[in-house]
Every structure is written in structure tokens, then in C-alpha cells.
Amino acid sequence: MDIFSIVGLVLAFVGVIGGMILEGGHPTALLQVTAFLIVIVGSLGATMVATLPSDVPFAIKSLKRCYLGQKHDFHGLMEKLLELANLARREGLLALETYANSGKGDPFLVKCLMLAIDGSSAEAMREVVEVDMHIEEEDQKAGMKFWETWGALAPTVGVLGAVLGLMHVMSVLDQPSLIGPG
């Protein structure tokens, strides 16, 4: 779990609400349904227009990765590689097929093992691995791009919400009792 992200969110909320209270405001003023609809839902809609639908699952994965984290057991993977290398040296590459077909283990490692078992050259294996790594990197970038786009559009839509609020106030200038609540 990424503790900095969680601490950052808590600090942001404490800062905004604390500052508002210190200025004499009431925190419930932040809970306006119309403002939420305009800014959050409006900017989400604009983000969906600007993003490919196929990128949304990657955005959700990146959010999960940000807050839940991913644990990689590099030491365990290294030991498994050594174990498999010793097995291949003793019994040949075909002995690795049992592990590869077991459904256990890292899918990336299994793919590499299958390439080795099939007799692919080292250069062909390198190319396949590099392509897979590039695809994974592009998928992660697509997920991050969704959040970047939403973050970039939200302030603009927020200004639009402020302008809409001013337009509403201007429409009731002849009724002074409605100006304050507007």
C-alpha cells in the first residue's frame, strides 16, 4: 500500500476543510450537489470524451496499484529462476514444461519458458520480451493519461461552474433577497 498517497489525500482534505473553518466557513458548504455535478461529473464526462474507452480499465488498474500497491517477490523469483535453470541443466529444457503448464507462477516467466522450450533463439526471445514490456508500459501510460486529463479538465470546468453561478446571481439582481443564497 502506498502510504504517501493516503497521507496526501488526508492532508489535502484536512487543509481544505481546516482552512475553511479557520476562515469562519462551515464544512457543509463544500457539500453542494450542484457544484459536485458541475465540477466532478462534468469534468469526468469531458475526460471520457477525451479518452479512449479501452484506456478506462487501465486507469482503474493504475488507481488500484496506487492505493493498494503491488508486491513483487524478487527474491522468490530469483530462487525460482535458479531452481528452473538447475532443472533444465540436469534434465533438459523439456523438463521445464511441467512448470510452464502448471498454471502457477509469473505469466511473463511462463511465456519466456515456453519460448525457450519451443527452441526460440535468444534474439527472438529478447524481441518478444521487449515487445511485451513495451505493451505493458504503454498500457500503464494510458491509465495515467486518464487521470492527468481529468486533473487538467477539472479546474476549467470549475471555472465554468463559477461563471454559471455568477450568471444565476445576475439573473436575480432585481431581487436582493436571492442574491446572497445564489
**Fill in**
Measure of exposure for HIS134: accessible area at 1.4 Å probe, Å² rounded to 10, is 100 Å²
**Request:** Using only protein heavy atoms and a 1.4 Å probe, report how much of ARG126 is accessible, in Å² to the nearest 10.
**Result:** 140 Å²
**Asked** To the nearest 10 Å², what's LYS104's accessible area with a 1.4 Å probe?
**Response** 140 Å²
**Message:** Between (1) 18.8, 54; (2) 16.7, 50; (3) 26.7, 92, which entry matches Rg and Dmax of the Cα atoms in Å as derived from the coordinates of this structure?
**Reply:** (3)
**Message:** On C-alpha positions alone, give me the angle between the axis of helix 56-68 and the longest principal axis of the chain, in degrees, nearest 10.
**Reply:** 90 degrees
**Message:** Tell me the mean residue ellipticity at 222 nm calculated for the chain from its helices only (DSSP H runs of n ≥ 4, each -39500 (n - 2.57), averaged over every residue, nearest 500).
**Reply:** -24000 deg cm²/dmol
**Message:** If I fit a long axis through the Cα atoms of helix 74-91 and take the longest principal axis of the Cα atoms of the chain, what angle between them do I get, 0 to 90°, rounded to 10?
**Reply:** 20 degrees
**Message:** Heavy atoms only, 1.4 Å probe, whole protein assembly: order MET170, MET78, MET20 by accessible area, highest first.
**Reply:** MET170, MET78, MET20
**Request:** Under a 10 Å cutoff between Cα atoms, tell me which one of VAL169, VAL131, VAL56 has the largest fluctuation in the Gaussian network model of the chain.
**Result:** VAL169
**Prompt:** Which order do GLU130, GLU97 take when ranked by solvent-accessible area (1.4 Å probe, heavy atoms of all protein chains), largest first?
**Reply:** GLU130, GLU97
**Item:** Reachable lysines, given that their alpha-carbon falls under 18 Å from the alpha-carbon of LYS61 and they are not under 8 places away in the same chain
**Value:** LYS71, LYS141, LYS145
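The values are calculated or read from the model by the stated rules, or taken from the named source; none is laboratory data. Worth saying up front: this structure is predicted, and the values here are computed from it rather than measured. Just so you know, the surface numbers come from the protein's heavy atoms only, side chains and all, with ligands and any DNA or RNA stripped out. Shrake-Rupley method; radii C 1.70, N 1.55, O 1.52, S 1.80 Å.
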